[in-house]
Amino acid sequence: MVGILVFLAGICMGSFFHLVGERLPMKRSILFPRSHCEVCQQSLSMVDMLPLVSYVMLQGSCRRCGARLSKLYPIIEFVSGLLFLLIYRVAGFSFEGLFLVLLCSLFVIAVVSDLLYMRIPNVLFLFFFPLFVIYRTFHPLFHWWEGAASLLFCVLMFYTVDRLKPNSMGGADMKLFCVIAFCFGLKAFLIILFLSSVTGMLHAKICSFRADEPFPFVPAIAISFWLYFFGIPIFIQNGI
Ligand SMILES: [Zn+2]
């Protein structure tokens, strides 16, 4: 029962994450105006804003003008619900769980912004990163210097890559990897970097991006991180 409630809370938060990821890069308020159809500008009623349910009921179209709604809405809502449920299973209602929910929020918002605009505003990192630093200070996975050393290694590595091949990786991608390196250490960073490269190549292949064409890489990082996190039980057993 609690799991179902957590899943429902997750899909509601997923709806909010989509709104933030859609509006923040455009410097639009996340409070006003209320959600509306981008084609006919009709404000959505409460019934039309029910996460997942509304999309199914409206068969993916605007009630007024019939314009197709993006499939990203239900996908983001469902994935957020699933992640909230998995986090609850792993960490329950604890500070660890709260930390993972914050991490999930950052990843999901960043994925939406990257898929829509290939741009992730710095304000997102400025909001979340201090919270991660505070959490890791009170709940360290390792000695503080190890997190700092992993972060330094990550920064130096990306700096070198950027000098050798400018713009080969987006700034937001590097910042997400810095978050991972700082919070989870060097080993996690290197494994997720490898998994992301494989996932990213698959994404580029499936979506037929050209070799020299920029494409959104944050989804690959997010998928790889959660695969790594939920796929290594010993990591969970040792605490987070
Ligand atoms: Zn419409």
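Here are the numbers for the structure shown:
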{"read-out": "All positions within region 50-64 that are open to solvent by 60 Å² or more (accessible area, probe 1.4 Å) and either at pLDDT below 80 or near the ligand (Cβ under 9 Å from one of its atoms) (or both)", "value": "63, 64"}
{"read-out": "Residues satisfying the stated conditions in region 86-100, i.e. open to solvent by 40 Å² or more (accessible area, probe 1.4 Å) and in contact (Cβ under 8 Å) with a residue 60 or more places away in the chain", "value": "86, 88, 89, 90, 96"}
{"read-out": "Condition met for residue 220 (at pLDDT 85 or above, touching a His at 6+ places or on another chain (Cβ under 8 Å) and crowded, with 21+ Cβ neighbours inside 10 Å)", "value": "yes"}
{"read-out": "Every pair of residues 6+ apart whose Cβ atoms lie under 7 Å, when the first sits in region 111-128 and is free of Cβ contacts under 8 Å to residues at least 12 places away in the same chain and within 17 Å of residue 30 (Cα to Cα) while the second is open to solvent by 10 Å² or more (accessible area, probe 1.4 Å) and among the acidic types (Asp, Glu)", "value": "none"}
{"read-out": "Among the candidates 50, 31, residue that is closer than 16 Å to residue 109 by Cβ and out of contact with any helix residue (DSSP H, G or I) (no Cβ under 7 Å at 6 or more places or on another chain)", "value": "31"}
{"read-out": "Tally of residues being part of a helix (DSSP H, G or I) and either in contact (Cβ under 8 Å) with a residue 24 or more places away in the chain or within 21 Å of residue 117 (Cβ to Cβ) (or both) across region 164-192", "value": "20"}
{"read-out": "Qualifying residue in region 147-169 (condition: under 16 Å from residue 219 (Cα atoms) and open to solvent by 40 Å² or more (accessible area, probe 1.4 Å))", "value": "yes"}
{"read-out": "Matching option when the condition is small (Gly, Ala, Ser) and under 21 Å from residue 123 (Cβ atoms), among 15, 43", "value": "15"}
{"read-out": "Cβ pairs under 8 Å, 6+ apart, first in region 33-45 and within 8 Å of the ligand (Cβ to nearest atom), second open to solvent by 100 Å² or more (accessible area, probe 1.4 Å)", "value": "37/64; 40/64; 42/63; 42/64"}
{"read-out": "Which numbered condition residue 73 misses (of (1) within 16 Å of the ligand (Cβ to nearest atom); (2) crowded, with 18+ Cβ neighbours inside 10 Å; (3) over 25 Å from residue 172 (Cα atoms))", "value": "(3)"}
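The values are calculated or read from the model by the stated rules, or taken from the named source; none is laboratory data. Every value quoted in this text rests on a predicted model; they were computed, and no experiment measured them. Every residue, glycine as well, gets a Cβ built from its backbone with ideal geometry; the counts of neighbours run over all protein chains shown. Just so you know, the surface numbers come from the protein's heavy atoms only, side chains and all, with ligands and any DNA or RNA stripped out. Shrake-Rupley method; radii C 1.70, N 1.55, O 1.52, S 1.80 Å.
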